[in-house]
Amino acid sequence: MASGATLLTDLPFRRPYPPTLFRPSNIPSFHPLHISIRINHLRPNFRCSIAEGSATVSTSDVSGQSSRVDCVVVGGGISGLCIAQALATRHPDVAPNIIVTEAKARVGGNITTVERDGYLWEEGPNSFQPSDPLLTMVVDSGLKDDLVLGDPDAPRFVLWKGKLRPVPAKPNDLPFFDLMSLGGKIRAGFGALGIRPPPPGREESVEEFVRRNLGDEVFERLIEPFCSGVYAGDPSKLSMKAAFGKVWKLEQNGGSIIGGTFKAFQERNKATKPPRDPRLPKPKGQTVGSFRKGLAMLPNAISTCLGNKVKLSWKLSNISKVDDGGYSLTYETPEGLVSILSRSVIMTVPSYVASTLLRPISVKAADVLSEFYYPPVASVTISYPKGAIRKECLIDGELKGFGQLHPRSQGVTTLGTIYSSSLFPNRAPDGRVLLLNYIGGATNTEILSKTESELVEVVDRDLRKILINTNAEDPMLLSVRVWPQAIPQFLIGHLDVLDAAKAGLREAGMEGLFLGGNYVSGVALGRCVEGAYEAATEVASFLSKNVYK
């Protein structure tokens, strides 16, 4: 779950038929309750001098090139690292001197990969959709040969009336899948064509939009569980426009979901498209990706590429505007207080952290940033022997698939389960299955008062209703990770709140100070990477137009 989160999936309404659902994607910017591992990182050397009569350390050459840097990226999670990497690879002439500062002793934010006793598991984001921007970041970071992709034909399941039912993955699956009734399918088809009530003329929740366009069954059996998977959120409060803007725009642009889809296809075919980077892999179908040794390979590889531009254990204590239009940032570091002058700054920390840091320079922006809500989520990683899986849940004698999602109406507490050992190779010893379970979210904040053993008991009890034989041996517990402030909720009014925060900075004269991270770009890990390229372009445009004395 780091600067980018989806618990179990992204919601991919990319076609005029029900989406290829349940993409165990990422789980974004979480504020961890505890850190179960430390990733060793060699701190780079930098030259500094002690100012006479002061305990402050002033950098004489913090970037290795000059006393003033072009951009300081605050936050070494996946968003911050990717912004820095995008500046370094796409805008080196405009921003040759950049640094990334991270308060913790490791990079990666909430991306947390653990390897122990023959198991390899994730405690934050679990995987990503291999979009071209993300694959570009992978290739530029030297990880192309370490990329692993899930089976695009692996089924995804939703629990409904006591049975795990596959979600349609292809158009020819639509007539046969039993998750929806014939009447529900017909209602969805007519709605997608535009035979449904008109938009209400105000911002709709995800629930309102889906029920109006596609009917009750699509919402209750498909979209509601996937909102839990992406945001761990309440779809009656999530904004369709903010949370799933691409789908929302289809109706806006084409009068209906299918009309908008066809119009988007036509516009795409008319547009001049640059040739695809030949270096990029070509994933097949609707799959998800990770790396040979887990997601942590990506932030570690980016950090290695950036070298001494990454500063660990640097805690930002103050930021202020200087006379020439740049910024002064003061850090508490293992070497003492360090002050940096920078032409621009981008904050990629969670909004509640940014609120505290920015309050001295813009009360309005700080107040607005404090409004974003991050509910708690826990990841519970457990293992069973293969023989514990119910026979009716096996395919060719094996547990296959991406995983399962649980609508809130179906009497289970766990949001969903990812079949980690089926999704990617070498995640569990022979004879064992590895299951990553998520619990909590906006509709179950009580998890913060539960003990680890209570959380495991709930997950195990739920699994024995669905996937695991009731008489199976107790699971092997590998990890319980509680994220008290997990995924930012894109609630109704989210985009207005974000605009108000940016306006507060502008009114305070804070040009050149940007907001980034998953509450800005989107919670999926892939959206964090795409947003990083967009943010880097915005920073580079500012720098190219503003040359300081």
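The values are calculated or read from the model by the stated rules, or taken from the named source; none is laboratory data. As the structure is a computational prediction, the values presented were derived from the model and not from experiment. Using ideal geometry, Cβ is built from the backbone for each residue, glycine included, and neighbour counts are taken over all protein chains shown. Just so you know, the surface numbers come from the protein's heavy atoms only, side chains and all, with ligands and any DNA or RNA stripped out. Shrake-Rupley method; radii C 1.70, N 1.55, O 1.52, S 1.80 Å.
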Contact list, first residue from the range 93-115 and under 15 Å from Val353 (Cβ atoms), second anywhere and at pLDDT below 95 and not in a loop (DSSP other than H, G, I, E, B), beta-carbon distance below 9 Å, six or more apart or interchain, is Gly109/Ala2; Gly109/Gly4; Asn110/Ala2; Asn110/Gly4; Asn110/His31
Given the conditions (1) open to solvent by less than 40 Å² (accessible area, probe 1.4 Å); (2) out of contact with any Cys (no Cβ under 8 Å at 6 or more places or on another chain); (3) at pLDDT 95 or above, every one holds for Gly325 apart from (3)
Considering only strands (runs of 3 or more DSSP E) wholly within the range 147-246, the ones with at least 2 residues that are in contact with a Pro (Cβ under 8 Å, 6 or more places away or on another chain) are 147-149, 156-160
Within the range 508-549, how many residues are open to solvent by less than 10 Å² (accessible area, probe 1.4 Å), at pLDDT below 95 and β-branched (Val, Ile, Thr)?
1
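Looking only at residues that are open to solvent by less than 20 Å² (accessible area, probe 1.4 Å) and over 19 Å from the mean Cα position of the chain (by Cα) in the range 479-492, which one is farthest from Tyr231 (Cα to Cα)? Break it down stepwise before answering.
Looking only at the range 479-492, we keep the residues that are open to solvent by less than 20 Å² (accessible area, probe 1.4 Å), and these are 479-483, 486-490.
After this cut, where a residue has to be over 19 Å from the mean Cα position of the chain (by Cα) as well, the list is 479-480.
Values: Ser479: 21, Val480: 19 Å.
So the residue we want is Ser479.
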For the range 235-247, check the following and say yes or no: at least one residue is open to solvent by 30 Å² or more (accessible area, probe 1.4 Å), free of Cβ contacts under 8 Å to residues at least 24 places away in the same chain and of a type in the set (Lys, Arg).
no
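For (1) open to solvent by less than 40 Å² (accessible area, probe 1.4 Å); (2) touching a Gly at 6+ places or on another chain (Cβ under 6 Å); (3) among the hydrophobic types (A, V, I, L, M, F, W, C); (4) in the same structural domain as Ala540 (by the TED database), each residue gets a yes or a no:
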{"site": "Pro350", "(1), (2), (3), (4)": "yes, no, no, yes"}
{"site": "Thr381", "(1), (2), (3), (4)": "yes, no, no, no"}
{"site": "Phe402", "(1), (2), (3), (4)": "yes, no, yes, no"}
{"site": "Gln410", "(1), (2), (3), (4)": "no, no, no, no"}
{"site": "Thr413", "(1), (2), (3), (4)": "no, no, no, no"}
{"site": "Tyr419", "(1), (2), (3), (4)": "yes, yes, no, no"}
{"site": "Leu423", "(1), (2), (3), (4)": "yes, yes, yes, no"}
What residue, of Leu505, Leu495, is open to solvent by 20 Å² or more (accessible area, probe 1.4 Å), out of contact with any His (no Cβ under 9 Å at 6 or more places or on another chain) and either in contact (Cβ under 8 Å) with a residue 60 or more places away in the chain or in a helix (DSSP H, G or I) (or both)?
Leu495
Only residues that are out of contact with any helix residue (DSSP H, G or I) (no Cβ under 8 Å at 6 or more places or on another chain), over 17 Å from Phe157 (Cα atoms) and open to solvent by 50 Å² or more (accessible area, probe 1.4 Å): list them for the range 457-471, please.
Glu457, Arg461, Asn471
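I'd like to check which strands (runs of 3 or more DSSP E) are fully inside the range 302-405 and have at least 2 residues that are closer than 30 Å to Met476 by Cβ and within 28 Å of the chain's Cα centre (by Cα). Full working, then the answer.
Details: elements: 310-312, 315-321, 327-333, 336-342, 345-347, 377-385, 403-405.
Qualifying strands (runs of 3 or more DSSP E): 377-385, 403-405.
Among Ala296, Ala354, which is in contact with a Leu (Cβ under 8 Å, 6 or more places away or on another chain) and crowded, with 21+ Cβ neighbours inside 10 Å?
On the way: Ala296 fails: in contact with a Leu (Cβ under 8 Å, 6 or more places away or on another chain).
Just a single option satisfies the conditions, and that option is Ala354.
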Taking Arg268, is it of a type in the set (D, E, K, R), part of a helix (DSSP H, G or I), within 28 Å of the chain's Cα centre (by Cα) and surrounded by fewer than 17 Cβ atoms within 10 Å (Cβ to Cβ)?
yes
